[in-house]
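Written below as structure tokens is the structure these notes are about.
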Amino acid sequence: MSPALLGLVTIVVGVGGCLGYFYFSNLFLDKVLFPARGPNAGRNINRANMVRPWLFLGPAIVALGLYLGYPVFETLRLSMTDRMQDDAFVGLANYQQMFAEPKFWEAMRNNMLWLIVVPAASTAFGLLAAQLTDRIKWGSIAKSLIFMPMAISFVGASVIFKLVYDARPAGNEQIGILNAVWMQFDGGLGSLLVLKVVPVLILAVFAALVAYIGWLLLRPIMSGSDNAIVKALRAVSGLISLWIAVVALRNILDVIDMDFPYGQPQSWLTVPFYNNFFLMVVLIWIQTGFAMVILSAALRGIPEETVEAAIVDGANPFQIFFKIKVPQIMPTIVVVWTTITLVVLKVFDIVFAMTNGQWETQVLANYMYDKLFRANDWGVGSASAIIIMLLVSPILIWNVVQARKEMR
């Protein structure tokens, strides 16, 4: 059977099956189980109305339990067994083995870097695009162009950017845009600024920012106003922030010690420090359109009276944007930020298609794939899947809590 015909049959059977289920289940409920006739008609109607929502929720609950709930418990079980010993229970041995591998910590470090850079850059660019496109006549066309990468798969976008980073041997014409620009450097001041000064400044500013965030998280612990759980969360988050700052400062020395063959084409995806950011650019390019659409709707929902009052008070455009508009759409910004964060935690396609985790670009999802399907180590692979789930769960819970608060 051809794929097109198979897809059509699947749609017809799926939609028809759903319609048939809801029609006949309601018919059975109203005509057989709780008929609306006789002396108990009123009570039967009330009972039917109590049961009816579960007719709609039932298939979804079963499907979620089958395709989401069961895999979680099975993955947890596999993470505590050893396939080479006939699935013998080994407790936390797989986790100990995983924590002892440098590749795992490389993946953790890179994931933390992705978590900091990609959501921040995507949200910032999306907010900037939303603000600017609303102020020009051809804003709709501009929004369509910015949103267009959302229609491209991660693998397709990776192929596009592999061409951007492509390197041909010296003496040949460069088809990669980045190398075409790079060949203009000859080891002079421009190369020094781009390859030494700029990365050092980025790392220094990043380390200072993360250290400041860690200090802000740790400082309230001394006041004693929070409960024990909040204090524990603040302490863990603050210490992680300080650790990331120390790692960033150590990387400054690595950047200073790097030596590039100036005036020669570069295989950019093999260059430490830069290659992770080259991979991040792909996801930022895709997610900026999503952030722009959501934040543009939020900006349009700001009451005009607040903006007009600020103008009357003499506020300039920057003050209006940062002190009037941004605070009013902060809940939307946080939602966009956390949504992109979830995407980043599960990033796999881009790394797999462009570097396959080589040259210090490993991430958790790709590490899990290598263990499960290349090394056939189901125990460590399942353990890494549990780690990813634990990292994602707090953000999901926080999103659900915030959504319920908004509904109230």
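The values are calculated or read from the model by the stated rules, or taken from the named source; none is laboratory data. A quick note: this is a predicted structure, and the numbers were derived from the prediction, not measured. Quick reminder, even Gly has a Cβ in these numbers, built from the backbone with ideal geometry, and neighbours come from all protein chains shown. Quick note on the areas: whole protein, heavy atoms, side chains included, nothing else; ligands and nucleic acids left out. Shrake-Rupley method; radii C 1.70, N 1.55, O 1.52, S 1.80 Å.
Remarks
- Checking every residue in the range 310-317 against the condition of being under 21 Å from residue 342 (Cα atoms) and open to solvent by less than 20 Å² (accessible area, probe 1.4 Å) gives zero matches.
- Being more than 21 Å from residue 128 (Cα to Cα) and open to solvent by less than 70 Å² (accessible area, probe 1.4 Å) holds for only one residue in 283, 299, 295, 279, and it is 279.
- Taking the criterion of being more than 19 Å from residue 369 (Cα to Cα) and exposed (fewer than 12 other Cβ atoms within 10 Å of the Cβ), the residues of the range 70-87 that qualify are 70, 85, 86.
Quick grid of which residues meet (1) farther than 27 Å from residue 74 by Cα; (2) crowded, with 17+ Cβ neighbours inside 10 Å; (3) over 23 Å from the mean Cα position of the chain (by Cα); (4) modelled with pLDDT of 85 or more:
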site: 307; (1), (2), (3), (4): yes, no, yes, no
site: 345; (1), (2), (3), (4): no, yes, no, no
site: 352; (1), (2), (3), (4): no, yes, no, yes
site: 362; (1), (2), (3), (4): no, yes, no, yes
site: 379; (1), (2), (3), (4): no, yes, yes, no
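- Residue within the range 232-255 that is assigned to a helix (DSSP H, G or I), of a type in the set (Asp, Glu) and within 30 Å of residue 163 (Cβ to Cβ) present: yes
- Of the helices (runs of 4 or more DSSP H) entirely within the range 295-386, those holding at least 2 residues that are among the β-branched types (Val, Ile, Thr) occupy 304-312, 330-345, 349-354.
- Some residue of the range 314-325 being in contact with a Lys or Arg (Cβ under 7 Å, 6 or more places away or on another chain) and modelled with pLDDT of 80 or more: no
- Meets criteria (closer than 23 Å to residue 25 by Cβ and touching a Leu at 6+ places or on another chain (Cβ under 6 Å)) for residue 60: no
- Scanning the range 129-146 for residues that are under 29 Å from residue 352 (Cα atoms) and open to solvent by less than 90 Å² (accessible area, probe 1.4 Å) yields 144, 146.
- The range 1-89 holds helices (runs of 4 or more DSSP H) entirely within its bounds, and those carrying 3 or more residues that are closer than 30 Å to residue 388 by Cβ map to 41-64, 70-78.
- Those residues of the range 32-55 which are surrounded by fewer than 14 Cβ atoms within 10 Å (Cβ to Cβ) and aromatic (Phe, Trp, Tyr), in sequence order: 54
- Long-range neighbours under 7 Å by Cβ, at least six apart or interchain, first residue small (Gly, Ala, Ser) within the range 357-377, second assigned to a helix (DSSP H, G or I): 357/351; 357/366; 357/367; 357/370; 365/388
- The range 318-330 residues that are under 15 Å from residue 301 (Cβ atoms), paired with ones that are open to solvent by less than 80 Å² (accessible area, probe 1.4 Å) and assigned to a loop (DSSP other than H, G, I, E, B) (beta carbon under 9 Å, 6 or more apart): 324/302; 324/315; 325/302; 328/301; 328/302; 328/303; 329/301; 329/302
- Within the range 390-404, no residue that is of a type in the set (A, V, I, L, M) sits with its Cβ atom under 9 Å from a residue that is surrounded by fewer than 10 Cβ atoms within 10 Å (Cβ to Cβ) at 6+ positions apart or across chains.
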